[in-house]
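Here the structure comes first, spelled out in structure tokens, and everything after it is commentary.
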Amino acid sequence: QGNAENGEAVFRKCKTCHDVGPNAKNKVGPQLNQIVGRKAATIDGYSYSPAMKELGEKGVVWNEETLLKYLEKPNEFVQKTKMVFPGLPEEADRKDVVAYLKKFSK
């Protein structure tokens with residue numbers, strides 16, 4: 001289990017490209033409301049990379065397990081993704097970010 005309060009602080013690294021919360025909008029990356037439990041590449045109005053679209057077509061859902069793996073090394077989890085962020089090497093940081101994102105998911 002992660003700490004959502006700590007996750008909010010870690011999420012600052014993500015805010016350049018991603019928005020979450022009331023009035024969240026797509027930016028360089030898609031908005032992340034309802035990310036936990038959502039199938040990959042399904043936000044209307046966002047132009048996903050072919051690699052991310054393929055992930056969604058395969059039925060991959062962003063749950064705790066997939067988010068933790070993706071956030072560790074995004075470009076290994078989804079090769080040729082548009083996301084240039086290198087990832088969060090610390091497991092505690094990843095768990096905290098997922099706990100924070102859960103606050104904005106059903």
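Accessible area per residue, 1.4 Å probe, Å², for the chain: what's the number?
Values: 6470 Å² over 106 residues.
Here the per-residue accessible area is 61 Å².
Taking amide H positions as placed in the peptide plane 1.01 Å from N, state which residues far from residue 39 in sequence (5 or more) or on other chains have amide H under 5 Å from it.
Sorted by chain and number, the residues that satisfy this are 62.
About its Cα centre, how strong a charge dipole does the chain have in debye, to the nearest 20, once Lys and Arg get +1 and Asp and Glu get -1 at the Cβ?
Values: 18 positive and 14 negative charges, 71 e Å.
Around 340 debye, computed over the chain.
In the neighborhood of residue 28, defined by Cβ-to-Cβ distances under 14 Å, what is the net charge if each Lys or Arg adds +1 and each Asp or Glu adds -1? Present the calculation step by step, with values, prior to reporting the outcome.
Details: positive: 13, 15, 25, 27, 82; negative: 19.
Once all neighbours under 14 Å are counted, the net charge is +4.
Which percent of the accessible heavy-atom area of segment 48-106 goes to carbon and sulfur, probe 1.4 angstrom? It would help to have the intermediate numbers written out before the result.
Numbers: 1860 of 3600 Å².
Taking all protein chains in place, segment 48-106 shows 52 percent carbon and sulfur surface.
Hey, of (i) 0.92; (ii) 1.12; (iii) 0.95, which did the structure itself give for Rg/Rh (Cα atoms, Kirkwood Rh) when calculated?
The listed entry that was calculated here is (i).
Let me check I've understood the local charge: for residue 72, count other residues with C-beta under 14 angstrom from its C-beta, Lys and Arg +1, Asp and Glu -1. What total comes out? Intermediate results must be reported in sequence, preceding the final value.
Numbers: positive: 13, 69, 73, 94, 95; negative: 64, 65, 76, 90, 91, 93, 96.
Around residue 72, the surrounding residues sum to -2.
Apply the Karplus parameterisation 6.51 cos²θ - 1.76 cosθ + 1.60, with θ equal to phi minus 60°, to every residue of segment 9-17 and state each ³J(HN,Hα) to the nearest whole Hz, in sequence, with x for glycine and proline.
After applying 6.51 cos²θ - 1.76 cosθ + 1.60, I find 5, 5, 4, 4, 5, 9, 5, 4, 10 Hz.
The values are calculated or read from the model by the stated rules, or taken from the named source; none is laboratory data. Model, not experiment: these values are computed from the prediction. Cβ sites come from the backbone with ideal geometry, for glycine too, and all protein chains shown count toward neighbours. When the accessible area is computed, the model is the full protein with side chains, heavy atoms only, and any ligands, DNA or RNA have been set aside. Shrake-Rupley method; radii C 1.70, N 1.55, O 1.52, S 1.80 Å.
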